[in-house]
1. Could you tell me which residue of region 17-41 is nearest to the chain's Cα centre (by Cα), considering only residues that are part of a loop (DSSP other than H, G, I, E, B) and within 20 Å of S114 (Cα to Cα)?
2. Please work out which residue is nearest to R111 (Cα to Cα), limiting yourself to region 26-41 and to residues that are of a type outside the set (A, V, I, L, M), modelled with pLDDT of 80 or more and surrounded by 12 or more Cβ atoms within 10 Å (Cβ to Cβ).
3. Six or more apart or on different chains, Cβ atoms under 9 Å: show the pairs whose first residue is in region 17-29 and farther than 25 Å from D60 by Cβ and free of Cβ contacts under 8 Å to residues at least 40 places away in the same chain and whose second is of a type outside the set (F, W, Y) and assigned to a strand (DSSP E or B).
4. Need a quick list: strands (runs of 3 or more DSSP E) entirely within region 42-114 having at least 1 residues that are loosely packed, with under 10 Cβ neighbours inside 10 Å and not acidic (D, E).
5. Counting only residues that are of a type in the set (D, E) and closer than 30 Å to A14 by Cβ, which one in region 51-104 is nearest to the chain's Cα centre (by Cα)?
6. When you scan region 64-71, do you find a residue that is at pLDDT below 90 and not hydrophobic (A, V, I, L, M, F, W, C), even just one?
7. Could you figure out which of (1) closer than 20 Å to G92 by Cβ; (2) surrounded by 13 or more Cβ atoms within 10 Å (Cβ to Cβ) isn't true of F22?
8. Go through D60, D27 for me and flag whichever is farther than 26 Å from S89 by Cβ, out of contact with any Cys (no Cβ under 9 Å at 6 or more places or on another chain) and of a type in the set (D, E, K, R).
Amino acid sequence: MRIWGNRGLLEVLANEKGFYFFKFSDDEACSNVLEAGPWLFARRMVILKKWHPRLILSKDSYSKIPVWVKLFNIPHEYWNEEGLSHIASAVGKPLYADSLTESDKRISFARLLS
């Protein structure tokens, strides 16, 4: 998991049922990885869930999976919640924008989970 080394990954553990557990340096590092997903490893989608003491481990099946969509060359008048949601709705239901898009700290593209 070299890809997460610079994101605060400290340790990777696995159990006998094929579940993996990732230990991060702090909650912010963990949240950053969760927010940046879903992830692909060896061309397979990896769905991450934040662990908590009552988490029931199960291999879920999914018919729909949200993906991050990057939108380039957005006209300034559409660079707002309504405009970006309208554009992103072409590929699915927009769920939310990443923090850099919401705060206008990156204007080269918008990134929305859809």
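The values are calculated or read from the model by the stated rules, or taken from the named source; none is laboratory data. Keep in mind it's a predicted model, so treat the numbers as computed, not measured. Every residue, glycine as well, gets a Cβ built from its backbone with ideal geometry; the counts of neighbours run over all protein chains shown.
1. G37
2. E35
3. Within 9 Å, the pairs are S25/L9; S25/L10.
4. 44-46, 68-72
5. D98
6. Yes, region 64-71 contains at least one residue that is at pLDDT below 90 and not hydrophobic (A, V, I, L, M, F, W, C).
7. (1)
8. Unique residue meeting the criteria: D27.
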